[in-house]
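Enquirer: Following this message is one structure expressed as structure tokens.
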């Protein structure tokens, strides 16, 4: 009996290309597993998916379902020029749009993706999440017709994205309000101070040499929010309704501030807001808009709830403790002088309503302030 010849694998250009793309998808999943920053998670996912399907650009949407409306908000856009890939965050938090037929189709099919041929371009949409509960949609434009195996492979990769996002939420979000939690504050605060320093440097460049967008030169701010008389709410209505107040206030924060502003539940009934690149003339009205939104909201059983706010400008020459202390001082002033109001630390200092606590050797600074403004 003749021995059977050993089996050999035949490699073709098509199979080699397919294997290369599969390896790219696996490498993307491995990179994603080590990514901790939320925007980097979005970017890695979009770039990997677009390259896998040989796309020219792709869009990543958040999905919002508020019966009977289904809307999407653009989180970011990834574009390829054939050589390099560029990612752009889109985070204004206001661009909620109705879904088009392709996105609606992928959100309502049990396999979670849809394909449409338009001219010489294929549009592909992938829902991320369980049927009827998808939280994201990835839309990719490609000149190559996708194969069934391509769609199946990318769907598996997007499960990695979903799992990584869930891990990020578990580590970074407050379990009740879904705002950022206290332990994430320090790292974000350091980034805010760095952004303030960059803005300060950019604003000092001569106009003819300035390369930054005008918005980048605007200052950064830290605000502290405290719900007025929250203990009475818990005592009079119980902790269940107290938690409902916290949930509603968190929702009002998300509606009042921009999508890329950082919102924290700092502890108990206290919240913190980080604002980047906001003109000094606008910051008071931004916090007042939120305060009024809370005052005008009808809270279940409790009725009207009010809050006090204090904020301070981020001076990169000061320590994080000093900057947080300034916002706290402005908050305490709001609470001690009638509550339900917004006050800025610098304005309180300039008007003489607060005094800077300084070492005795620097007392001349306060004296100079008094002489100018009082």
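The values are calculated or read from the model by the stated rules, or taken from the named source; none is laboratory data. On a predicted model such as this, the values are computed, not experimentally measured, just so you know. No Cβ is skipped: glycine too gets one built from the backbone with ideal geometry, and neighbour counts run over all protein chains shown.
Enquirer: Looking at the range 207-220, is at least one residue surrounded by 15 or more Cβ atoms within 10 Å (Cβ to Cβ), part of a helix (DSSP H, G or I), modelled with pLDDT under 95 and in contact with a helix residue (DSSP H, G or I) (Cβ under 9 Å, 6 or more places away or on another chain)? Reasoning before the result, please.
Expert: Here is the first cut: in the range 207-220, the residues surrounded by 15 or more Cβ atoms within 10 Å (Cβ to Cβ) are 216-220.
Still in the running and part of a helix (DSSP H, G or I): 216-217.
From what's left, modelled with pLDDT under 95: 216-217.
Adding the requirement that they be in contact with a helix residue (DSSP H, G or I) (Cβ under 9 Å, 6 or more places away or on another chain) leaves 216-217.
Yes, the range 207-220 has at least one match.
Enquirer: So if I check each of 315, 296, which one is out of contact with any helix residue (DSSP H, G or I) (no Cβ under 9 Å at 6 or more places or on another chain) and at pLDDT 95 or above? Break it down into steps so the answer makes sense when it comes.
Expert: Numbers: 315 fails: out of contact with any helix residue (DSSP H, G or I) (no Cβ under 9 Å at 6 or more places or on another chain).
None of the other options fit; the residue is 296.
Enquirer: Residues of the range 60-84 being within 20 Å of residue 143 (Cα to Cα) and modelled with pLDDT under 80, which ones? Break it down stepwise before answering.
Expert: Looking only at the range 60-84, we keep the residues that are within 20 Å of residue 143 (Cα to Cα), and these are 60, 77-84.
Within the range 60-84, 81, 82, 83, 84 qualify.
Enquirer: How many residues does the range 318-344 hold that are in contact with a helix residue (DSSP H, G or I) (Cβ under 8 Å, 6 or more places away or on another chain) and closer than 30 Å to residue 240 by Cβ?
Expert: The total comes to 3.
Enquirer: Being under 26 Å from residue 81 (Cα atoms) and crowded, with 19+ Cβ neighbours inside 10 Å is the filter here, so list the residues in the range 112-121 that pass it. Talk me through it step by step, then tell me what you get.
Expert: Residues of the range 112-121 under 26 Å from residue 81 (Cα atoms): 113-121.
Within the range 112-121, 113, 114 meet the criteria.
Enquirer: Let me ask something else about it. Does the range 131-159 hold any residues that are closer than 15 Å to residue 103 by Cα and exposed (fewer than 11 other Cβ atoms within 10 Å of the Cβ), and which are they?
Expert: Scanning the range 131-159 gives 132, 133.
Enquirer: Name, by its number, the condition in (1) buried (at least 18 other Cβ atoms within 10 Å of the Cβ); (2) in contact with a strand residue (DSSP E or B) (Cβ under 9 Å, 6 or more places away or on another chain) that does not hold for residue 164.
Expert: Of the numbered conditions (1) buried (at least 18 other Cβ atoms within 10 Å of the Cβ); (2) in contact with a strand residue (DSSP E or B) (Cβ under 9 Å, 6 or more places away or on another chain), the odd one out for residue 164 is (2).
Enquirer: Could you count how many residues in the range 184-205 are within 27 Å of residue 250 (Cβ to Cβ) and either in contact (Cβ under 8 Å) with a residue 12 or more places away in the chain or in contact with a strand residue (DSSP E or B) (Cβ under 8 Å, 6 or more places away or on another chain) (or both)?
Expert: Applying the first criterion (within 27 Å of residue 250 (Cβ to Cβ)) to the range 184-205 yields 184-196.
Imposing the further condition that a residue be either in contact (Cβ under 8 Å) with a residue 12 or more places away in the chain or in contact with a strand residue (DSSP E or B) (Cβ under 8 Å, 6 or more places away or on another chain) (or both) reduces the set to 184-186, 188-190, 192-196.
The total comes to 11.
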